[in-house]
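Enquirer: Mind having a look at this structure? Questions to follow.
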Amino acid sequence: MASVTDDMSRPPIPSEPPKRRRSRRQRWVLALVIIPVAAVLGAFLIASLIGLWRFMNHDRPELIDDPQVVSTTESACSTMTHAVQQSAAPLNATNATKARAIQEQNNAVAAMIRTIRLLGSDRLDNDRPTPSWLADWQTLIDQRARYARNLDRNRPTPFVIPTVEGRPISERMNDVGISCTVPPALTDLR
């Protein structure tokens, strides 16, 4: 009988180890760790996707690339370039004649600027380099006007192309991705 009693007092040997159940506290701690990590990773993924979408659909800030701005600008620039070439003073012209030619050329550039501005500030501002590109054209004709006034008064001074960060604005004006370059007649003043 002793053997029967001994067998009954021993617990049965389980065939599998018992599964450990997590306590309620452990589950809360685990949730408090996993949820913030998942939220941060989710926010990072969403921000990355938004950034990728913006990159794929961005306005290249160094280029004029709005089709309507490009078309209008290239057309107005072609008209301006032709007028500038037609208005050039002969090499042996008097200072007063050269000054009048410079003013006529400046008028052609001003007409180009006005034509492009007719597109409206919203459209131009949304094509990033356009406002500064137009400002560079205005700066160039302002500098040329000062030069012409000095010529007209028979006090010629050397013409210096304005610079921004050490770079002539004419270079910057030519690097906006459109078929419009500064005609040499506007910068080669003697």
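The values are calculated or read from the model by the stated rules, or taken from the named source; none is laboratory data. For clarity, every value in this text was computed on a predicted model and none was experimentally measured. Cβ coordinates were reconstructed from backbone atoms using ideal geometry, including for glycine residues, and neighbour counts include every protein chain displayed. Note: areas computed on protein heavy atoms with side chains; ligands, DNA, RNA excluded. Shrake-Rupley method; radii C 1.70, N 1.55, O 1.52, S 1.80 Å.
Enquirer: Could you give every pair whose Cβ atoms fall below 8 Å, whose first residue belongs to the stretch 145-160 and is at positive phi, and whose second residue is open to solvent by less than 100 Å² (accessible area, probe 1.4 Å), counting only separations of at least 6 or pairs across chains?
Expert: N154/N95
Enquirer: Have a look at V33, V109, V37 and point out the one that is out of contact with any Pro (no Cβ under 7 Å at 6 or more places or on another chain) and under 19 Å from S179 (Cβ atoms).
Expert: Just a single option satisfies the conditions, and that option is V109.
Enquirer: Cβ-Cβ distance below 7 Å, separation of 6 or more or different chains: which pairs start in the stretch 78-98 with a residue that is under 15 Å from A108 (Cα atoms) and end on one that is of a type in the set (S, T, N, Q) and open to solvent by 40 Å² or more (accessible area, probe 1.4 Å)?
Expert: Listed by first residue and then by second, the contacts come to A89/T97.
Enquirer: Moving on to the next point. On the given criteria, is M112 within 18 Å of P61 (Cβ to Cβ) and either at pLDDT 95 or above or of a type outside the set (K, R) (or both)?
Expert: Taking the combined requirement at face value, the residue does not satisfy it.
Enquirer: List the residue pairs whose Cβ atoms are under 9 Å apart, where the first residue sits in the stretch 170-190 and is under 14 Å from L134 (Cβ atoms) and open to solvent by 30 Å² or more (accessible area, probe 1.4 Å), the second is among the hydrophobic types (A, V, I, L, M, F, W, C) and not in a helix (DSSP H, G or I), and the two are 6 or more positions apart or on different chains.
Expert: That search, which allows pairs on different chains as well, returns R172/V164.
Enquirer: If you go through the stretch 32-49 one residue at a time, do you hit one that is open to solvent by less than 100 Å² (accessible area, probe 1.4 Å) and at pLDDT below 60?
Expert: Within the stretch 32-49, none of the residues are open to solvent by less than 100 Å² (accessible area, probe 1.4 Å) and at pLDDT below 60.
Enquirer: T130 fails exactly one of the following numbered conditions: (1) closer than 18 Å to K98 by Cα; (2) in contact (Cβ under 8 Å) with a residue 12 or more places away in the chain. What is the number of that condition?
Expert: Among (1) closer than 18 Å to K98 by Cα; (2) in contact (Cβ under 8 Å) with a residue 12 or more places away in the chain, the lone unmet condition for T130 is (1).
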